[in-house]
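Reviewing the structure listed below.
The values are calculated or read from the model by the stated rules, or taken from the named source; none is laboratory data. In this text, all values refer to a predicted model and were calculated from it rather than measured experimentally. Reconstructed Cβ throughout: ideal geometry from the backbone, glycine too, with neighbour counts over all protein chains shown. Just so you know, the surface numbers come from the protein's heavy atoms only, side chains and all, with ligands and any DNA or RNA stripped out. Shrake-Rupley method; radii C 1.70, N 1.55, O 1.52, S 1.80 Å.
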Amino acid sequence: MTVDLLAADTAMGAVTLDVADLDVMTAYYRDAVTLSVLTHEGSTVTLGRGSTPIVVLRHTPGLRLAGPHQAGLFHTAILFPTQGELAAAVHSVARQHPGTFRGSADHLVSQAFYFDDPEGNGIELYWDRDRTQWSWTHGRVEMDTLFLDPQAFLQQHLTPEGREQPGTGEAEVGHVHLSVGDVGTAREFYVDRLGFETTAELGSQALFVSAGGYHHHMAMNVWNSRGAGRRQRTLGLGQVDIVVPAADDLGALSERMRHYGIQTRDDGRTVAFDDPWANLIRVTAGR
């Protein structure tokens, strides 16, 4: 069977988080993660770099915390264009909120640093090696989890300018990693239905998918959530945005999802639907 694929230029948009304390969360992403407030409208704050939204914080204090084994967000991964920009952001978070650091790793395709925000949402800050340095075998990209010394990285890449004025360059959501109930169902939805291509697999533990030969735009794992069912609405992940290049791509996706019996909300500008764990996915055309 031929699977319709997402356009090669598909990218990730902002991640929306439902938060209990809007002031604390805004300060964390603005002052520590070094994003800028792009808009503040009522109970919603959008932060990003330049004109690119990265995180949308939606004040929903009536919601309860998610359970530890519930499906939802594993982490939002923010991609920086240079190691210097990444080092500036890592240094800023580590200096202001050292207790939120969760580790670092060299993944062969990238270098990554992991944090939890004040309400427990996972964050990855990372930089990609050039695609010419990625290794592919039989359609799968080689990734690993190798030791990355954060102090050595900062000593090598943190500049005086980055130490004093972090947050001046571009950044974007590079990928979004979800906690799901099982990998097989995730593959059926995100690959066979939505149209991503599989780029890496860890047996029944994790799946990595992308459009256009990126190492991964999305990932799904069961490390904390194996067997999880549909989510109840809680604090944490509110919405994942995906951006396709053109209106024709959006129309084709909408038609394909309806063909598979997936209920969609289509207003002509966006197509929204739930994945099997009730994670809301919204697809728009163009930036």
Discussion item. I'd like to know if segment 207-223 contains one or more residues that are of a type outside the set (A, V, I, L, M, F, W, C), out of contact with any strand residue (DSSP E or B) (no Cβ under 6 Å at 6 or more places or on another chain) and under 14 Å from Leu178 (Cα atoms).
Written reply: no
Fill in: Lone unmet requirement of (1) open to solvent by 10 Å² or more (accessible area, probe 1.4 Å); (2) in contact with a helix residue (DSSP H, G or I) (Cβ under 6 Å, 6 or more places away or on another chain); (3) in a strand (DSSP E or B) for Met220
(1)
Worksheet entry | All positions within segment 223-262 that are touching a residue at least 12 places away in the same chain (Cβ under 8 Å) and part of a helix (DSSP H, G or I) | Ala247, Asp249, Leu250, Ala252, Leu253, Ser254, Arg256, Met257
Fill in: Criterion violated by Gly268 - all others in (1) touching a residue at least 12 places away in the same chain (Cβ under 8 Å); (2) assigned to a loop (DSSP other than H, G, I, E, B) satisfied
(1)
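Could you pull out the residue among Leu47, Leu63, Leu73, Leu35 that is within 19 Å of Leu178 (Cα to Cα), in contact with a strand residue (DSSP E or B) (Cβ under 8 Å, 6 or more places away or on another chain), of a type in the set (A, V, I, L, M, F, W, C) and in contact (Cβ under 8 Å) with a residue 12 or more places away in the chain?
Values: Leu47 fails: within 19 Å of Leu178 (Cα to Cα); Leu63 fails: within 19 Å of Leu178 (Cα to Cα); Leu35 fails: within 19 Å of Leu178 (Cα to Cα).
Testing whether each residue is within 19 Å of Leu178 (Cα to Cα), in contact with a strand residue (DSSP E or B) (Cβ under 8 Å, 6 or more places away or on another chain), of a type in the set (A, V, I, L, M, F, W, C) and in contact (Cβ under 8 Å) with a residue 12 or more places away in the chain leaves just Leu73.
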Worksheet item: What helices (runs of 4 or more DSSP H), lying completely within segment 131-189, carry at least 3 residues that are β-branched (Val, Ile, Thr), open to solvent by 90 Å² or more (accessible area, probe 1.4 Å) and over 26 Å from Ser51 (Cβ atoms)?
Response: none
Worksheet item: From Val45, Val24, Val37, Val15, which residue is out of contact with any helix residue (DSSP H, G or I) (no Cβ under 8 Å at 6 or more places or on another chain), part of a strand (DSSP E or B) and among the hydrophobic types (A, V, I, L, M, F, W, C)?
Response: Val15
